[in-house]
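Working notes, structure below.
The values are calculated or read from the model by the stated rules, or taken from the named source; none is laboratory data. Bear in mind that the values here come from a model prediction, so they are computed numbers and not experimental data. No Cβ is skipped: glycine too gets one built from the backbone with ideal geometry, and neighbour counts run over all protein chains shown.
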């Protein structure tokens, strides 16, 4: 709502305040909002007059935004910057989206004008009466617009259909928030499960026996039992692990004055919520029973808020380490530590990106890694050398296609869209310009997507290879392109999941697969449903896939499971009725051989 004019008029006549010239206001405005084009309108001496005025020459005839800025400035004790700040959190033009002046300015919209003739024009007192319902200026440039578009009510109307059958065999249970399963080079019969609360558990795939490989829980921030996105989030073994014993972890640690931080978006004197540490560790030998120790910090990143940490680590065939980082948290990529337009758009910081480094190099600023010479922004001058791709909100779970080294990630959405991205070098994936293939808007009335592009949209934004809306789920969990042998019809398709499928109160994760050519998503026919929230996936030495579930949406509890995705029609251990192609018979088989079978 606008400032109350009756109060302002009293202030105008009762307080002696300085007047200001058009260049003074525009200079202050442009200094405050340097990335916006919302003042790119009108003529006048310095341009921009019609940001506030009906006339291209300025003078009498103010729109409501300019009038409110003027009125606050002329009140006792306010400078121009203070006036801009006080007005920016109000909605001067009452547009349908309910956007504040600042939200419109950030999105290159005019804060004082509406597209239709619903604009109130004010004149100086004792000169002319106020006029209402004036049309906006007709000379708006292509880089700016008036109003935010309407919300797209059902972005993806087609529902996800059931497809292939799949069985789930429980390999091991009683995990605490398991979110990743990783193989180590040279250890083909084991898989390493990452628990969010700090332990790495080695699991024998034949027997299901478990042993603790490494425990970093004492190094982590205090994990909030009710809900937390921090913790031990990633694990990757160096490709030469058999020879060098090196493995790397992504872990959320407290803020300590002794830390030397490599990357930060925090304002001076403002402490982050926590720090993301990429840590190099050493195992005494290449076995599950090795004695391991922390060697050094590869890099340290300040995190403004507790959420959107990304948190995954993967190596490519050249022994380069890829690190996924979310936008720093909060919502809409806004708030302290997010800059004017957010971190995802900004190549000058590492939040909202996937980094690529060589952890065995020493030429970085901190001496703990090197940057590959073919990284896309090396020596760019306006981007961080370590960035491989950017424009992500929360890239949760990365993987390389075992057949061709293509990199994929799930990127968790906010308002409407969950997406799967094929990550290419130098790629810009659009957050927060876009959410999935749609355009993202975030006024105070609520976040939403539209099929109407904002003005001044970059031309290099990359759409996802797969997406679904919140009719189907709430948070994507990235997986793998299937390259195993047990399910021939699944080969070449990307297997992934949704954390819950409905809401955080229901432990009903959904298991999907994506045809990368047609971009069609189908749901596996698994019955009964997936036993919990889908936290992550894993791939063994034979490229067979595993899904990790937890019965709670938080890090508390000890009922997490490691489940192998099976082909029910080809498992000779199953009853004969499950080996026919006509019946939909789905096994849920425990590692001890017990089978629960439902035929539809």
Just give me the residues in the stretch 218-253 being under 23 Å from residue 285 (Cβ atoms) and surrounded by fewer than 16 Cβ atoms within 10 Å (Cβ to Cβ), in sequence order.
240, 242, 243, 244
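Residues checked against (1) assigned to a helix (DSSP H, G or I); (2) modelled with pLDDT under 85; (3) farther than 17 Å from residue 79 by Cα:
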site	(1), (2), (3)
1	no, yes, yes
10	yes, yes, yes
13	yes, yes, yes
16	no, yes, no
19	no, yes, no
29	yes, no, no
36	no, no, yes
39	no, no, yes
47	no, yes, yes
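For the stretch 66-180, which fully contained strands (runs of 3 or more DSSP E) count at least 1 residues that are over 16 Å from residue 52 (Cα atoms) and touching a residue at least 40 places away in the same chain (Cβ under 8 Å)?
Numbers: elements: 119-122, 131-134, 161-165, 167-175.
Counting at least 1 such residues, we get 161-165, 167-175.
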Residue 513 vs (1) surrounded by fewer than 18 Cβ atoms within 10 Å (Cβ to Cβ); (2) at pLDDT 95 or above; (3) farther than 30 Å from residue 144 by Cα: all pass except (1)
Sort out which residues of the stretch 187-202 are part of a strand (DSSP E or B), under 26 Å from the mean Cα position of the chain (by Cα) and buried (at least 24 other Cβ atoms within 10 Å of the Cβ), and write them in order of number.
193, 194, 195
I need the strands (runs of 3 or more DSSP E) fully contained in the stretch 285-342, keeping only those with at least 3 residues that are more than 18 Å from the chain's Cα centre (by Cα) and surrounded by 16 or more Cβ atoms within 10 Å (Cβ to Cβ).
292-303
If residue 256 satisfies every condition in (1) surrounded by fewer than 18 Cβ atoms within 10 Å (Cβ to Cβ); (2) modelled with pLDDT of 95 or more; (3) assigned to a loop (DSSP other than H, G, I, E, B); (4) in contact with a strand residue (DSSP E or B) (Cβ under 6 Å, 6 or more places away or on another chain) but one, which is the exception?
(4)
Could you please give the count of residues in the stretch 259-272 that are over 19 Å from residue 330 (Cβ atoms) and surrounded by 10 or more Cβ atoms within 10 Å (Cβ to Cβ)?
3
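Assigned to a loop (DSSP other than H, G, I, E, B) and surrounded by 20 or more Cβ atoms within 10 Å (Cβ to Cβ): does that describe residue 367?
Numbers: assigned to a loop (DSSP other than H, G, I, E, B): yes; surrounded by 20 or more Cβ atoms within 10 Å (Cβ to Cβ): no.
Here the answer is no, as residue 367 does not meet what is asked.
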Considering (1) over 24 Å from residue 232 (Cβ atoms); (2) modelled with pLDDT under 80, say which one residue 543 fails and leave the rest.
(2)
Test: residue in the stretch 349-359 that is over 15 Å from residue 383 (Cα atoms) and assigned to a loop (DSSP other than H, G, I, E, B)
yes
